[in-house]
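Trainee: First the structure, then my questions, so here it is.
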Amino acid sequence: MKAVLWSRKTMTDTKKAFGVWSAVFLGIGSMVGAGIFIVIGEAGAIAGNLVWLSFIFGGIAALLSGYSLARLAITYPSRGGIVEYVVQGFGEGVFSGSTGVLFYFSQLIVIAAVAKSFGTYAGTFMHADAMIQNLFALGVVGLFILINLIGASLVAKSENIIVFIKVTILVIFTDVALFYVNPKLLSTADMPPLNSMLFAVGLTFFAYQGFSVITNTVEDMQNPKQTMLKAMTIAILFVGVLYILTSVAVLGNLSLPEVIKTKDYALAQAAEPIFGPIGFKIMAATALLATASAINATLYAATEIGYTLAKDGDLPEDYTYNVFHSFEGLVISGLLIIPMILFLNLSQVTTIAALVVLIIQGLTHVGHLLRIKETGANFYVVLGAALGMFAIAGLTLYYTSIKQMPMIAFYIFGAFVLAFAVEILLRLTTKRIIKIQTDVKLIEKFEKNVENKFKKMIGE
């Protein structure tokens with residue numbers, strides 16, 4: 001608890017690393033990563049030239065969800081993130097524990113999806129078959145597991161440079177591509193049914209994933225009660241506009257058959273008619289850079305912090321980047337990622353990842369409703385976030401079960417059953433529970449005592 005009290009205390013200090021714009025740039029860098037390179041073709045193959053509208057709805061859902069998570073982060077600052085919010089909402093029970101385990105699995109699915117995308121884009125340079133693409137995917141995961149084990153600070157420090165490069169290239173491509181848009185490709189004559197646009201919202205929301213990283217800066221944020229929500233809103237709105245314009249640029253330069261044919265690398269394909277073969281290669285290389293950095297950024301938190309929470313139910317006071325002394329999570333997580341890469345295709349992995357993330361975030365917002373008085377959040381906005389997550393998940397599940405994966409509902413159900421079984425097994429064998437990391441009542445008592453002592457010192 002000493003560490004937790006210190007964490008809340010630091011939130012009130014004036015000298016902090018993250019102001020509004022530094023938090024905004026962090027959020028943009030996290031969102032404009034692998035998601036857009038994976039999703040633009042997958043969603044475009046479903047929604048056609050209405051995919052821009054899917055990105056609007058996905059952005060609205062992200063704004064609602066971002067508001068809820070921001071309020072939770074201010075009230076319950078913890079490295080546990082969403083797992084902490086679920087336990088705060090539902091208590092230290094089997095349900096919360098199972099959700100924590102499932103969240104850990106979902107992060108592995110996300111890494112597998114990003115790795116598959118890396119393999120696909122890497123394969124475009126040498127026209128490699130599926131097996132070689134999978135080897136590329138396995139290789140990049142193995143490389144970054146090794147880097148995380150060693151604790152290479154150089155890679156961590158290079159993230160800002162990578163963010164600048166990928167955002168700049170994407171902005172330049174979009175600005176130029178909009179001048180080459182073929183109006184016929186965006187006409188109502190080629191417009192798919194409106195429900196296709198709704199079915200693609202689950203995938204477009206997945207492209208916004210990363211906005212929650214802003215909540216991780218709460219302990220190092222200047223005046224988080226005002227800065228957090230402002231930074232979250234600005235970052236999501238900027239990325240939303242960029243995604244909408246990018247989708248118009250891609251679907252305005254590629255016909256729907258071309259999008260469907262090249263859906264795994266449609267963004268790079270759309271650059272070729274405008275910039276020539278060099279444009280394709282630059283965009284593919286940018287995708288490689290973005291996916292590699294996304295794996296590096298996600299791997300440590302997903303495997304070490306996520307694994308430790310799921311396995312031990314608690315976090316040590318100090319988590320260092322160098323984990324030679326704590327490699328169990330990385331190794332086991334890497335072994336679990338391997339079959340996901342080998343036996344699921346990119347569409348399946350992306351859709352499953354999007355669905356699991358939607359369901360977990362929906363549960364997080366439901367838990368938030370149970371603690372709405374503590375967070376002081378707007379009830380209707382949080383309710384809208386919860387309903388939005390479940391509605392999008394339902395639409396995505398319905399479409400996918402009909403068009404792509406008839407067994408997907410069983411896969412999702414199986415994931416929940418597996419998480420529940422792992423939770424029960426851990427409770428029986430180790431007696432562990434996933435514990436609350438932030439005790440709000442103790443923190444408030446601590447802060448009140450500090451305030452009273454301060455008043456006595458100044459003679460009030």
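The values are calculated or read from the model by the stated rules, or taken from the named source; none is laboratory data. On a predicted model such as this, the values are computed, not experimentally measured, just so you know. FYI the Cβ positions are ideal-geometry reconstructions off the backbone, even for glycines, and counts take in every protein chain you see. Please note that ligands, DNA and RNA were not included when accessible areas were found on the heavy atoms of the full protein model with its side chains. Shrake-Rupley method; radii C 1.70, N 1.55, O 1.52, S 1.80 Å.
Trainee: For the range 88-147, which chymotrypsin sites (Phe, Trp or Tyr not before Pro) are in a loop by DSSP, counting at most 13 other Cβ atoms within 10 Å? If you can, show how the numbers build up before the last one.
Mentor: Working: sites: F90, F95, F103, Y104, F105, F118, Y121, F125, F136, F144; in loops: F125.
Here the sparse-neighbourhood loop sites are F125.
Trainee: On to the next question. Please calculate the 1.4 Å probe accessible area of L170, with all protein chains present, and give it to the nearest 10 Å².
Mentor: 0 Å²
Trainee: Would you mind checking K230/K373; K116/K281; K116/K261; K166/K261; K230/K281 for any pair whose Cα atoms are more than 29 angstrom apart?
Mentor: Too far apart for the 29 Å limit: K230/K281.
Trainee: Here is a follow-up. Stretch F343-L143 to full length: gain in nm at 0.36 nm per residue minus the Cα-Cα span? Before the final figure, lay out the partial values.
Mentor: Details: separation 200, 0.36 × 200 = 72.00 nm, distance 2.05 nm.
Gain on stretching F343 to L143: 70.0 nm.
Trainee: Another question, if that's okay. At a 1.4 Å probe radius, which order do I244, I150 fall into by accessible area, largest first?
Mentor: Largest accessible area first, the list is I150, I244.
Trainee: Related question: Which FRET efficiency value, to the nearest 0.05, is calculated for L178 and A421 with the Förster distance at 51 angstrom and r the Cβ-Cβ distance?
Mentor: The calculated FRET efficiency here is 0.50.
Trainee: Full-extension gain between A189 and V171, please, as 0.36 nm times their residue separation minus the C-alpha to C-alpha distance.
Mentor: 3.6 nm
Trainee: Moving to a separate point now. Determine the order of H365, H127 by accessible area, beginning with the largest, at a probe radius of 1.4 Å.
Mentor: H127, H365
Trainee: While we're on this one: Grab the Cα-Cα distance for Q226 and F164, subtract it from 0.36 nm times how many residues apart they are, and report the gain in nm with one decimal.
Mentor: Details: separation 62, 0.36 × 62 = 22.32 nm, distance 2.62 nm.
Result for the pair: 19.7 nm of gain on full extension.
Trainee: Sort 386-397, 40-51 by packing, meaning the average of other beta carbons within 10 Å per residue, with the highest value first.
Mentor: Top to bottom by mean Cβ count within 10 Å: 40-51, 386-397.
Trainee: Got a sec? What order do M191, M228 fall in by accessible area at 1.4 Å, biggest, i.e. largest, first? Numbers along the way, then the final one.
Mentor: Working: M191 80, M228 0 Å².
The ranking, largest first, comes out as M191, M228.
Trainee: With every protein chain present, what accessible area does E374 have (1.4 Å probe, heavy atoms only), rounded to the nearest 10 Å²?
Mentor: E374 has an accessible surface of roughly 90 Å² with all protein chains in place.
Trainee: On to the next question. What does the charge add up to near V382, with Lys and Arg as +1, Asp and Glu as -1, over the other residues with Cβ less than 13 Å from its Cβ?
Mentor: Taking every other residue near V382 into account, the sum is +2.
Trainee: Shifting gears a bit: Using 1/(1 + (r/R0)^6) with R0 = 51 angstrom and r between the beta carbons of F410 and I274, what's the FRET efficiency to the nearest 0.05?
Mentor: 0.75
Trainee: While we're looking at this one, here's another question. Estimate the FRET efficiency between L369 and T429 by the formula 1/(1 + (r/R0)^6), using the beta-carbon distance for r and 30 Å for R0, to the nearest 0.05.
Mentor: That pair, L369 with T429, gives E of 0.35.
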